[in-house]
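The values are calculated or read from the model by the stated rules, or taken from the named source; none is laboratory data. Just so we're clear, the structure is a prediction, and the values are computed from it rather than from any experiment. Note: ideal-geometry Cβ built from the backbone for every residue, glycine included; neighbour counts use all protein chains shown. For accessibility, only protein heavy atoms count, side chains too; no ligands or nucleic acids. Shrake-Rupley method; radii C 1.70, N 1.55, O 1.52, S 1.80 Å.
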Amino acid sequence: MSLSIHLSINGTERDVALDDPRVTLLDLLRERLAMPGTKKGCDRGQCGACTVLVDGRRINSCLTLAATLDGAQVTTIEGLAQGGDLHPVQAAFVEHDGFQCGYCTPGQIMSAVGLIAEGSAGDDPERIREGMSGNLCRCAAYHGITQAVQDATRRMNAAAREDAA
Amino acid sequence: MKMFDFAQPATLDEAIGAWEPGAAWLGGGTNLVDLMKTGAVQPAKLIDISRLPGLAGIDELDDGATRIGALVRNADLAGDPAFAGRYPMVAEALLSGASGQLRNAATVAGNLMQYPRDAYFPGPEPDPMADASSLSVLGAGGEPVTVHPSDFCVPLVALDAVVEILGPDGPREIALADLYQPGEPRTTLIPGELVTALRLPAAAAEFRANCRYLKVRDRTSFAFAMASAAASLRMDGPHIAEARLSLGAVAPKPWRVAEAEALLKGQAPGADLFARAADAAMAGAQPVGGNGWKIELARRTAARALAMAAAGTPADMPALPASPFGNQTGDLAHV
Ligand SMILES: Cc1cc2nc3c(=O)[nH]c(=O)nc-3n(C[C@H](O)[C@H](O)[C@H](O)COP(=O)(O)OP(=O)(O)OC[C@H]3O[C@@H](n4cnc5c(N)ncnc54)[C@H](O)[C@@H]3O)c2cc1C
Ligand code: FES
Ligand code: FES
């Protein structure tokens, strides 16, 4: 079968011909579109390494069939930095040692961007840990991850207030 | 994953028409795609209903009931201020399930219809004895039957939720409690039928001041329940005018306990009363595969959930929803 979908990936419009309805968004990105930034950990929704934003919401790309996404806007880790400027969440992960080996990091960062947009955790560390519990870190960099998300939340909120003023 | 035909109907009628034996509805896919990867489920055809129009509303009806479209995402329902204000225990249960990413994708109907966890065991013959913690201690007659895994369904069954269904022969509705049955198939949905909505009656909102969901897991977050309880009380001055109690992760379906509810009615809340109600809830329990600890865990979870409900629903959602641990925002009386 052949199925054609249209996606906006990190702001670039793309027509994607799918020869197989079984392809997940994760495999589409990594295997067919040469975008390996999004990682595969468990492939079962259990680790969060594959987290991307679809229409601004964080989801597990390993459990999402690409064929269901016609017309969607996808944001991956490759789409966060603006030229040479890191996204505030990326910068905060670097500053607070939010990783060791780095394998879970793209998923952690995309999940944090999604969580901050949801706005339910604020800068409360307990709420951040709960909100980030879908992202496992085999290196257990959780302390730095929580601090990074807290710091990025504060900075992004301050920047939003400045923009509004 | 086995190959399948893929259909994307544009309307509800087209979806019903697209069904054929061996087909499966695809909601958020967080349960179905997972099981298709292991080969545990092998639909010949997937009918993608995730974008069907008209099934994503949360509406208050004229009679005070709330109607929730089948495609409302779990996160959106929990985060809807009007819904969470009327049914805080349901929002708390939703937020204690899975992860932020999964709740963003999972649909209301998919959550009700999710396969139990024994479907995950590898091999053609599932071996439920592989994990006694997920075996039923109630409602299975001592046989090794996996528990129903959903958190969401536990408060729903206590609040008399109704499931709206559409099939080739038209619409019908049933109590959520009657959606589940022992053995195969595990639900009373007739093949080709689709869940279109979930309804909570007006009376369900009368428990909002005193209702809690409590979930005990083997880690603080992002784990299925080992035992859970949804407790709600409608107070009349110092007395309990009406109580609702249901348990999760103990039976093949969300387990409502009428005996405990009858025992609580008309009484003044207190530790003794709650202990007796919890005893009554677990009276017929039978251990399977060495999981006798689950009976005691469920008993204590039920008693504690009742005490938490009596202390009052917190003003804000706790930082760790449904958890016995961590900082609690709002009312600290039950900690
Ligand atoms: C890692 C992980 C952890 C989890 N932890 C928890 C937890 O702690 N607590 C908890 O409660 N749940 C948990 N879940 C389960 C999760 O809640 C379900 O996967 C989710 O609710 C399913 O919704 P969905 O829309 O993705 O369903 P799908 O995967 O799309 O479908 C699930 C089933 O429902 C059927 N279906 C879908 N829509 C309809 C409809 N409208 N009418 C009739 N049938 C339909 C499908 O055919 C399929 O059989 C977890 C899942 C994962 C992967
Ligand atoms: S790879 Fe998707 S959650 Fe682990
Ligand atoms: S940094 Fe190694 S897994 Fe998280």
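Which aspartates and glutamates, if any, have their Cα less than 19 Å from the Cα of residue A:40, not counting same-chain residues under 8 positions apart?
Partners within reach: A:27, A:31, A:78, B:34.
Can you work out the accessible area per residue across segment B:122-263, with the rest of the protein chains kept in place, probe 1.4 Å, in square angstrom?
38
Counting only protein heavy atoms and a 1.4 Å probe, tell me what percentage of chain B's accessible area is made up of carbon and sulfur.
Details: 6960 of 13030 Å².
Roughly 53 percent, rounded to a whole number.
Along the three principal axes, how long is segment B:1-52 when you take its alpha carbons, biggest first, rounded to the nearest angstrom?
Reported extents, whole Å, longest axis first: 31, 21, 12.
Picking from B:133, A:41, B:116, whose Cα lies most toward the positive end of the charge dipole for the protein assembly as shown (charges on Cβ: Lys, Arg +1; Asp, Glu -1)?
Result: B:133.
Given a cut-off of under 8 Å on Cα pairs at least six residues apart, what relative contact order in percent is computed for chain A?
Working: 291 pairs, mean separation 36.4, N = 165.
In percent, rounded to a whole number, it is 22.
Roughly how many nanometres apart are two label points built 7 Å out from the Cα toward the Cβ at residue A:42 and residue A:4?
According to this spin-label approximation, the distance is 3.8 nm.
If one takes the accessible area of chain A alone plus chain B alone and subtracts that of the pair, with a 1.4 Å probe, what total in Å², rounded to the nearest 100, results?
2900
What 222 nm value per residue comes from the helices of the protein assembly as shown, counting each DSSP H run with n ≥ 4 as -39,500 (n - 2.57) and dividing by all residues, nearest 500 deg cm²/dmol?
-8000 deg cm²/dmol
Does segment B:146-230 classify as rounded, prolate or oblate by the C-alpha gyration tensor (a ≥ b ≥ c root eigenvalues; a/c under 1.5 gives rounded; else a/b over b/c gives prolate, otherwise oblate)?
Cα axes put segment B:146-230 in the oblate bin.
With an 8 Å Cα cut-off and a minimum separation of 6 or more residues, compute the relative contact order for segment B:1-52 in percent.
Computed value for segment B:1-52: 55 percent relative contact order.
How large is the charge dipole for chain B, taken about the Cα centre, if only the Cβ atoms of Lys, Arg (+1) and Asp, Glu (-1) carry charge, to the nearest 20 debye?
My answer is approximately 860 debye.
Normalising by the residue count of chain B, find the relative contact order in percent from Cα pairs under 8 Å and 6+ residues apart.
Averaging sequence separation for qualifying contacts and normalising by length gives 17 percent for chain B.
Hey, could you pull the Cα Rg and Dmax for chain B, both in Å?
Final numbers for Rg and Dmax: 19.4, 61 Å.
Measure out, as a whole number of angstrom, how far apart the alpha-carbon centroids of segment B:1-43 and segment A:32-80 sit.
Centre-to-centre distance over Cα atoms comes out at 20 Å.
Using all C-alpha to C-alpha distances in segment A:88-164, build P(r) with 5 Å bins and read off the rounded percent in each one.
Calculated over all Cα pairs of segment A:88-164, the distribution is 3, 19, 31, 27, 13, 5, 2, 1 percent.
Could you go through segment A:92-103 in sequence order and give the Karplus-derived ³J(HN,Hα) for each residue, using 6.51 cos²θ - 1.76 cosθ + 1.60 with θ = phi - 60°, rounded to whole Hz, and x for Gly and Pro?
5, 5, 5, 5, 9, 6, x, 6, 10, 6, x, 5
From the cross-link list B:265/B:294; B:45/B:215; B:2/B:294; B:215/B:265, which pairs have alpha carbons spaced over 30 Å apart? Don't jump to the answer; show the numbers that get you there.
Numbers: B:265/B:294 26 Å; B:45/B:215 36 Å; B:2/B:294 37 Å; B:215/B:265 24 Å.
Table pairs above 30 Å Cα-Cα are B:45/B:215; B:2/B:294.
Which whole-Hz ³J(HN,Hα) couplings does segment B:200-205 yield from phi under the Karplus relation 6.51 cos²θ - 1.76 cosθ + 1.60, θ = phi - 60°, glycine and proline marked x?
Result, rounded to whole Hz: 10, x, 4, 4, 4, 7.
Calculate the all-directions average of the projected area of segment A:3-79's alpha-carbon convex hull, and give it in nm².
4.3
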